[in-house]
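A short write-up of the structure that comes next.
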Amino acid sequence: MRGYELLAAHERLRARPFTDPERTVADAAVMDRMLQRLRREARSWPSWPASAEILKHMRAGCRHWLVVPSAPALAGAQDVTVVGFFGDLRPGMDHSAIYQLEADVVARLGRYAPVGLLGYYDAEIAPALHGNLVLFATREVPPEFQKKPQPKVGVFPVLINHKWGYISSDKKVVIEPKYRMAFRFTDGLAVVSTGEGQWGFIDPEGKVVIEPKYQGVGQFGEGLAAVLVKGKWGAINKKGEIVVEPKFERLTKFSEGVSAVIVQRIYQQITANDGAFINTKGDYAIVPGIAIASRGPVRSVMLLHRGPLAHIRRVAVDTSSRTSAALVRVLLRERLGHDPEYAPMPPDVPTMLNAADAALVIGDPALYYDGDASRLDLGAEWTERTGRPFVYAFWAGRPGVLSTADVIRLQTALAAGLGALPHIASSYNGHPERASLNEAYLRGNISYALGEAELGGLTEFYARAHARALIARVPELRFHGHR
C-alpha cells in the first residue's frame, strides 16, 4: 500500500476513537496485510475468470469472502483505491440483519463495475473480528454517482420507534411499523423479518404472502427468491413452493433465468468453492461423451473401517466430493439396513478413524493409503449391487451456453489427455516413484466415457439418492449440442 491520509486535528472526534492517528496507522497495517492475502488468493487462480465469488473458512474457522464483479478489470488496474472499515461481533447480539444487508449490497456490486468498483473483501481477521475492503479503480467519485437522485414514487421501508414499517412517497405510513427488519420492494414483494431466523415476504398492502419462517432470504427476481433452509440455500416461487432444492452455500438473485451459486467442498482444513450457475429449475446441461467413471473397483473412493461393517455406527466423511458422500449413504443404507451417523471431517485418516467407526476417504488419501484398516471400494460395491458403472463427475453448465465447437474442444482435450497418460502419471504430485501405480489407476480404474451404460448408472444413482431423500427429485438428463 503506497500511503494513506490522516484526519486533521479538527476532523477527529473524541467519541470516535477510530479517528485517532494511532488507530489509523494500525488499521492501515491491517489493510495492507489483507491486500497481501488478496494478492495471494488471486495468484492461486489457474486463470482469471470473468468474475469471482469465493467463500473460505480458514484453519481457525474464520470466514473470508471475496467478490470480484470483473476479474480482468482487477487484474489490469494500475492504481487501486481501497476503503477499509472494521468491526467486531457483539456477544448476545443477533447479527442476522447485518448479514442480510451485506448479502443484499454484495448482490448489486456488478452494476457498479463499469464505473470503477473492482471488488469487495470481507475477512474475519480473528474470530468475531471483521475487516472489510472495498476496492476502486479511481480516487474520484464517478459522475454517475454525482447526479441528483430523482424523486421516487412507491412504498419505502422506514424505522419508527425501533420497528420497521413502510411509508408512501408523500411520507404517509401505509404499513404499520411492526417488523424487526424490512427491505424495499422488488418484483412486487418485500423481505421482512419478525425475529431472529424468521424471514418472509409481504405485498405492498402489507399482506403476508410468504410466512416468515426462513433462516434467511434474498429478494425476488423473475418470480424466484433465494431462501436459507437448515444452512443451505435454495429457491422458492411466489407461492412459497420450493423450486430449487436447498443445497448451495450461496445463491444470488435470479436474472435472465439464472442465478450464480457457490457449491462448497471441503479439502484438508480449508473450504474451497466452485462457482456455477443454475437456471430457474436448478438444472444443468451435460457435455456429452465425457465423464469420470468406474466400471468396478475405483481405488480412489474408499470406506476404511476397523471391525465388521455391520458394527458401523458413525462414519467420518471427507466431503471433497459431494457425489461420493451421497454414494456412501446410499450403499451403507442398503448394506446395513439403517443409516449410521455421518460426521464431516478433514481428510486425515488417523484422526477420522479415531473419531468414528469408519472413514470415507477420496482421492490421493484413498489411492495411496497403506494402513491396516479394512477397505470397502465404493466403485466395486456399486457395480456389484447394480451391475452398472458409477459416474463421479461430468462437465455441465447452463443450457445453451456452450456451442457445438466448445463441446468438440472439450472432447478433443479428453483425447489429448488420454494420449499423455504416461507423462501425467510420472509427473503427478512430485512422486515419480508412483508413476506405475498412477498409470495403472488412470488406465485400469477410471473410465472417461459417458455412454449409454454410464448414463444408465447415473440415472440409477439419482433414483436411489431420491429414494433416500438425498435429492429433491430425479433430474432429467439434458445435454449441450447433440449426443
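Overview of values
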| read-out | value |
| --- | --- |
| Burial order of peptide ranges 326-335, 342-351 (average beta-carbon count within 10 Å, highest first) | 326-335, 342-351 |
| Dipole magnitude of region 384-483, debye to nearest 20 (Cβ charges: Lys/Arg +1, Asp/Glu -1, about Cα centre) | 320 debye |
| Members of K171/K232; K163/K207; K163/K213; K171/K207; K178/K238 lying beyond 28 Å, as alpha-carbon distances in this model show | K171/K232 |
| Calculated from backbone phi, Karplus (6.51, -1.76, 1.60) coupling profile of region 321-336 in Hz, x at Gly/Pro | 10, 5, 4, 5, 5, 6, 4, 5, 5, 5, 5, 5, 4, 6, 7, 8 |
| Sum of side-chain charges, R39 neighbourhood, beta-carbon under 12 Å (Lys, Arg +1; Asp, Glu -1) | +2 |
| Rg/Rh ratio calculated on Cα atoms of region 286-467 (Kirkwood radius) | 0.99 |
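No value in this document is a laboratory result; all are computed from the given coordinates. All of these numbers come straight from a predicted model, not from anything done at the bench. All Cβ positions, even for glycine, are placed from backbone atoms using ideal geometry, and neighbour counts span all protein chains on display.
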